Structures are given as structure tokens and as C-alpha cells.
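The values are calculated or read from the model by the stated rules, or taken from the named source; none is laboratory data. Given the structure is predicted, the values throughout are model-derived calculations rather than measurements. Note that each Cβ is placed from the backbone with ideal geometry, even for glycine, and that neighbours are counted across all protein chains shown. Side chains included, ligands, DNA and RNA excluded: accessible areas come from the protein's heavy atoms. Shrake-Rupley method; radii C 1.70, N 1.55, O 1.52, S 1.80 Å.
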Amino acid sequence: MATPTDVTHEIPEHDGASSHKASMPASHPLDPLTVSELEETVAILTREKHLSDRVRTVSINLIEPPKNVVEQYRPGNSFDRKALAVLLDRGQQGAREVTVDLVGKSVGPVKELPSGIQPSIMLDEFAECEQAVRRSPLFHEALRKRGVTDPDLVMVEPWSAGMYGTELPEDQGLRRMRALCFVRSETRDNGYARPADSMVVVVDLYKMEVLRIEEYEPAPLPPESGNWAREYIPNKRTDLKPLEIVQPEGPSFTVEGNLVQWQKWKFRVGFTSREGLVLHTISYLEDGVERPVLYRASICEMVVPYGDPREQYYRKNAFDIGEYGLGMLANSLSLGCDCLGVIYYFDFPLVDSHGKIAPLKNAVCLHEEDFGILWKHTDWRTGQTEVRRSRRLSVSFIATVGNYEYAYYWYFYQDGSIQCEIKLTGIMNTTALAPGEQPLYGTEVAPQLNAPFHQHIFAARLVPCVDGPNNSVYEVNSLGVPTGPSNPHGNAFVAEETLLGTEQSAQRRVNSATARFWRVVNPNKKNRLGRPVGYRLVPGENCPPLVQPDAAVMRRAGFTSNHVWVTPYSPEERFAAGDYPNQHPTGDGLPFWTKANRNVDNTELSLWYVFAHNHVPRPEDWPVMPAAMLGFQFRPDGFFERSAAMDVPPPPPKACCH
Ligand SMILES: [Cu+2]
């Protein structure tokens, strides 16, 4: 969570990496806006006087065309291009959405956002906020009081301020951030080793000036450093031999524009400033027929509620997607480090708050991986052994959100399965402990250094189109049958399917006691066994929210109260906590939309899967946390007539002794 770091990788030009340049023209209605389209959007907005010194660009993204336009599109057809610009007017202290028609070269509808709605925090605001803090005499006075003699060594970490109903009257209507402070012992030192717990700097982002410094009980700075940069680690292990991934004939995928084809899979790679990587129109080719599976898939929101109730910390609940934008925080990936093997990179352009456009090189990584065995059987009677290697296709990006890194992977498998995996790494946020103090709501990870308990909660939005647009969702619970006449030996259990036909009935949680999963079916298409074709949503690690239902953060993070939500497909309903969770006064998103209790049976759907990593920190998560992984799978369940992986050929004879 919190501030961006300046992740500036030198991208070495290696053999074997090829890339999609952000300057390439759009060749499909779903292609993200290109550099020239973004430049044109900014030019039109400037010409029409929507941009000025006092008006900042929060985001500019493609307005995705309606489903029917995408379905009917054929290569060579002309297509509309529309951009949605979210602009913040610091002068008028308001925000608006402006539609720009890039074909008509005109400005379309302009929608003023209601007073009190704050769009996401812009990347530039983090730096400007830090400068405002450093300019403030209050800041220097507070440091002097704490015996901090070199302000340049103070790491200022602005956090979203949220909205908790406890705001001071003078804060009402202001766009704010709250900055925590850490003290480095030298410029490259890990600041998180020494939290200056006792002060929070509140900043007005409209005026870019410090409103006040909230002061708390001081705790001494922890005594140890927690350095991780290579120069601080003198004794590196020396027994690693080279491991190279070689694909002498190149990878097995093809890329054309943003269209990827691999094995029988076909999909389009997209990217937004908010979600980062988006996958579109995922289909599976069977006997020459393209069978649709998912129309759109992304991680659309996340929130990290911290469990420390102290006054200076209860507002630590960053919505890293809705409040900051993961696309804006995406890394430029590095071959041999972030990605290994024969890599195809996608570049995507990003727009800063001044309307400047720069391509983010190597934003998305595409490659194949060996993933152990796909299937195997030995007939011990005949000695026949068949084994197949699993090859998977990985599409990924990594975002740095202040102290944490989030690496997002989508994997495609040869048996028709899709998996989403998120790797959490980076540095834990910390607080200081007095000597001998035992933390109640965290783990002491180094002497006098507390890493508070917290949860990383993600929301995936999947738009299923399993063999067609109209789908239904069933919940499947495995239940033991009471011992009795129909189950005299007590061993029977059934897999009970329940239709989730309305939005209210489709608000569900995981349940390991019944091995619960969900089946997305097309009720209009039966397989040869007479059952509707389907895909199974298989949960992975998960946990309910541990904050109280009446915790203030739940107003905005209400989407975390269920693990599964099903809504009728709506292009307007894209983000689980609504369009503008930053400082939202009442909350928005899933809990609000689903009050209508709309029908979700045999219609176009959005399926929302919410999943959490409950982080009870370990000393071994310090100073940089080895990646923790969580996610979910979307596996065929009656979609195919039998295993879709039977036609995968055996490994070549020289690679396999069978
Ligand atoms: Cu964590």
C-alpha cells in the first residue's frame, strides 16, 4: 500500500525478448488507447478548454465498446474509439468525467462528479504531497521535538485518507492524504525498519499544504536496520549453477497486435490505468469451433485493512486499485529477473497528471512455462506408461504499491483450465514498540519492530460467456448423508447443486467443510451427458474479513463481506467498491447494486470472486517478504466430453525414457 517508489529498471536488450510497442495503431475495438490516441485525447481536451494548469488528468482510458460491437467486429471493419478522461479541477475543487470521441474528434458528454466524490490519487500527488510535507515548518518542528536532526533522511509515506465519519469539520470537502513517517539511517537504508510512530501529517491535496500534524505517544526508533539492497548483503550463497530456459524453435504462441493464440486458447491482452492487466474474449478452440469462456477478466479492486486500532492507524485501509491505480504503478519488467525464458513483452502507454504520455516498456510479460506433469498413468500389469508434461502460458504484470509488490499472473493450461495467481512480496508496513512491549495486534518481526496484522483482499471480476452469453451460477456443496435406510453404512455423501438465481441469493462465502465451489453453466447448451456445459470456479486460500461488520472501513469495503457475488452484466458496474472509493462518503459498488436483487439466471452475468490473504506476519517476512501466493482456478466442468488434455503429445523420445 501507500506511496509509489521510483522503480526505474534499465531494460537490457536481450535476445529472445520481443515486444508489442505502445506506438502501434489500434487494430481492434478492445485495444487499449495508443500513444497517438492518448495524445489526441489530450489535444482535444486542451482545445476544448477542459485542461489547464489547475485541471489535472486523473486517468484516460478506452471506453470499451458494447459486447455486440466486439462480437460483430471483423478485421478490416472501421470502429469507434472513445476515451473517458477523469479530470480533477483543483481550482473549483471538483472532478468531472469527460468523454472524447476520437473518430469525430469532439468532446462528448461531460459529467460533473457529485460534490464530495474524489477520484483516485494521482501518482504526481504522492510526490507533491511529500514536497508539501517537507516544506512545512510544522514538520520540521515535529522532527526537532523527536530528536531527528536530518530531515532528508525522513521517508514520508502518504496514505489515502479514507472516510470514517470521524473527520474534523474543517476537513469536510477537502481532498486529503495522511502521511506516515519513517527515519532512514542513511539514504539507501530501509526506512521501514524505523517507523516514527508518533506523528501523522495531514495534507490538503487541493492546496498542497500541510493542514496539521497529529501527534501521538512517541515510541523510540527500533534499534536494528533491515536492509535488503545487494550491497548490504555481503555473504551471498555461491552454489547456484546456471539454469537456462531454452526454446530453440521459439515459443508456441503467436501474437498479433494484442491477440494471443496458444495451443487452443485465444484471447486479447488489455491494460487500464486502474486494473493493469485485463484479459478479453477468452475462448478455446475445439474441433475448429471457437468456444467462448470469459468475455473479460481482471482483478478490479483490492483493499488492505490493517488491524491496529490505534488512532493513528485505524485509517490504514488502502484500496490499491480504486484509490491508486495498479496500472499506473506497474513495473517495467526485466528479462532474466522478473521473467525467465523466451518472453514476449507488451508495452502500454500511461498518462501522468499533466497529460504527458509515456509508454511503459515491458508492462506485461507473456511466456510459456513447464509446469510439471499434466497427467500420468502406469499399467503395472502391462508396463505401459504414459506421461505428459504440462505446458502453461503465463501472462503477468507486477505493481509496486509503496512498500508492497503485487505480481499478478494468469495461467492458461492444456486441459482447458485458467488460473489466477497473485504473489505478494515487498516490505511489510511497520510500527515501533517500546522496549519489552509485546504487540497485541501484530508480530514483533525484529527487535522493537511491529508488523501489524492485516488482510490483502482482492476482487476479481469475471464476465463469463461459457459457450454463449447467457449463463447461470450454481453453488455445489458436498454433504454427508445421515446414516439410515438409504445409507446404512454411513459412507454416502452427495454433491448438492443450488441455483443462485438472484443477486441476493448469490452472495456467498467459501466453506471448506462442504468443499464448496461454484459452477458457471450455460443452461442453453447441454453436453452429451445431458448436463449443461460449465466451468467451475475453484477457490484457493481465502478468509472472511476480520474487521467488524460495523467497522467504518466496511462502508467502502462492503464488497469484502462475501466471497462470491453474481450480478447481471453491466459495463457500468466494473469495480467492486464503485468507481470512486477514495474518500467516498457512503460507499458504493456491489452491496449497493445488488439491493435491486436482479435476476441472474440464464442471462449475461458478471461473476465476482473476492479472496483474501490473511497476513499474520512472521519474522521471516522481514526485511523483504518471500512471495506469498493465492488465487483461484476456473476449470472446465462438463464443458468438454472428456479430458481436453488427451491429445497433448508425449515428450520427444530423447527427453523421456518411456
Ligand atoms: Cu501483508
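Could you work out the Rg to Rh ratio of segment 456-573, with Rh taken as the Kirkwood radius (inverse of the mean 1/r over all Cα pairs)? Intermediate values should be presented prior to the final figure.
Numbers: Rg = 17.1 Å, Rh = 16.5 Å.
We get a ratio of 1.04 for segment 456-573.
Taking only the alpha-carbon positions of segment 487-548 and ignoring solvent, what does the Debye formula give for the base-10 log of I(q)/I(0) at q = 0.22 Å⁻¹?
Result of the Debye calculation: -1.10.
Sticking with the crude label model, points 7 Å out along Cα→Cβ, report the distance from I245 to E186 in nm, one decimal please.
Distance between label points: 3.6 nm.
Pairs K67/K266; K82/K111; K376/K525; K526/K595; K376/K654; K105/K356: which exceed 22 Å Cα-Cα?
Working: K67/K266 17 Å; K82/K111 15 Å; K376/K525 31 Å; K526/K595 32 Å; K376/K654 18 Å; K105/K356 19 Å.
Over 22 Å apart, Cα to Cα: K376/K525; K526/K595.
Evaluate the distance, in nm, between pseudo-label points positioned 7 Å from the Cα of S27 and of T99 along their respective Cα→Cβ axes.
2.9 nm
When the helices in the chain are scored as -39500 (n - 2.57) per DSSP H run of 4 or longer and the sum is shared across all residues, what 222 nm value do you end up with, to the nearest 500 deg cm²/dmol? All intermediate terms of the calculation are to be shown ahead of the outcome.
Details: 6 runs with 49 residues, N = 658.
It comes out at -2000 deg cm²/dmol, rounded to the nearest 500.
Kindly sort D239, D352, D637 by accessible area of their heavy atoms, largest first, with the probe set to 1.4 Å. It would help to have the intermediate numbers written out before the result.
On the way: D239 110, D352 45, D637 25 Å².
Order by accessible area, largest first: D239, D352, D637.
Please arrange E64, E503 by accessible surface area, largest first, computed with a 1.4 Å probe and ligands excluded.
Correct descending sequence by accessible area is E64, E503.
Can you list, bin by bin at 5 Å, the percent of alpha carbon pairs in segment 274-424, starting at 0?
Distribution as computed: 2, 8, 13, 16, 16, 13, 11, 8, 6, 4, 2, 1, 1, 0, 0 percent.
May I ask for the percentage of alpha-carbon pairs in segment 73-150 that lie more than 21 Å from each other? Don't skip to the answer; put the middle values down first.
On the way: 1715 of 3003 pairs.
Counting pairs separated by more than 21 Å, the tail of P(r) holds 57 percent.
Could you run the Debye sum over the Cα atoms of segment 146-267, one equal point scatterer each and no solvent, and tell me log10 of I(q)/I(0) at q = 0.15 Å⁻¹, two decimals?
The calculated log intensity ratios at q = 0.15 Å⁻¹ are -0.80.
log₁₀ I(q)/I(0) of segment 384-447 at q = 0.24, 0.25 Å⁻¹, via Debye over equal Cα point scatterers, no solvent, to two decimals?
After summing over all Cα pairs, the log10 values are -1.01, -1.04.
Would you tally the net charge around Q448, using a Cβ to Cβ cut-off of less than 11 Å, leaving Q448 out, and scoring K and R as +1, D and E as -1? Show your work: numbers first, answer last.
On the way: positive: R194; negative: D197, E224, E437, E444.
Residues near Q448 contribute -3 overall.
What value does segment 577-658 have for Rg/Rh, both radii from Cα atoms and Rh as Kirkwood defines it? Intermediate results must be reported in sequence, preceding the final value.
Values: Rg = 22.5 Å, Rh = 19.3 Å.
Ratio value, two decimals: 1.17.
Tell me the Kirkwood radius of the chain: reciprocal of the mean inverse pair distance over distinct alpha-carbon atoms, in Å. Intermediate results must be reported in sequence, preceding the final value.
Numbers: mean 1/r = 0.0376 Å⁻¹.
Here the Kirkwood hydrodynamic radius works out to 26.6 Å.
When the distances between all Cα atoms of segment 387-498 are binned every 10 Å from zero, what whole-number percent does each bin get?
10, 19, 21, 22, 19, 8, 1
Roughly how many whole Å is it from the C-alpha centroid of segment 344-367 to that of segment 108-135?
21 Å
Using only the Cα atoms of segment 18-147, what semi-axes does the equivalent ellipsoid have when each is the square root of 5 times a gyration tensor eigenvalue? Give whole Å, largest first. Display every interim value, and only then the final one.
Numbers: eigenvalues 287, 65, 33 Å².
Semi-axes from the Cα gyration tensor: 38, 18, 13 Å.
For segment 510-638, what number results from the quotient of the Cα radius of gyration and 2.2 N^0.38 Å?
Cα Rg divided by the expected 2.2 N^0.38 Å: 1.26.
Taking amide H positions as placed 1.01 Å from N in the peptide plane, with prolines and chain starts having none, which residues 5 or more places from E405, or on another chain, fall under 5 Å of its amide H?
Those qualifying (amide H under 5 Å, at least 5 residues apart or on another chain) are T425, G426, I427.
Which loop trypsin sites (Lys or Arg not before Pro) in segment 210-275, with loop taken from DSSP, have no more than 15 other Cβ atoms within 10 angstrom of their Cβ?
Values: sites: R212, R230, K236, R237, K264, K266, R268, R274; in loops: K236, R237, K264, R274.
Loop-located and lightly packed - K236, R237.
With contacts defined as alpha carbon pairs under 8 Å and 6 or more residues apart, what's the relative contact order of the chain in percent?
Details: 1551 pairs, mean separation 95.7, N = 658.
Relative contact order comes out at 15 percent.
Counting other C-beta atoms within 10 Å, and keeping those with at most 15, which DSSP coil chymotrypsin sites (Phe, Trp or Tyr not before Pro) do you find in segment 139-179? Show your work: numbers first, answer last.
Working: sites: F139, W159, Y164; in loops: Y164.
Listed in order of number, the matching sites are Y164.
On the Cα set of segment 269-340, report Rg and Dmax in Å, please.
Cα-based Rg and Dmax for segment 269-340 come out at 18.1, 62 Å.
On alpha carbon coordinates alone, what is the Rg over Rh value for segment 86-197, Rh being the Kirkwood radius? Walk me through the numbers before you get to the answer.
Values: Rg = 18.7 Å, Rh = 16.9 Å.
Ratio value, two decimals: 1.11.
What does the charge add up to near V100, with Lys and Arg as +1, Asp and Glu as -1, over the other residues with Cβ less than 12 Å from its Cβ? List each step's numbers first, then the result.
Values: positive: R47, R81, K82, K105; negative: E37, E39, E40, E48, D80, E97, D101.
Neighbourhood net charge equals -3.
All other residues with a Cβ under 13 Å from the Cβ of P114 taken together, and with Lys, Arg as +1 and Asp, Glu as -1, what is their net charge?
Values: positive: R96, K111; negative: E97, E112, D579, D588.
In short, -2.
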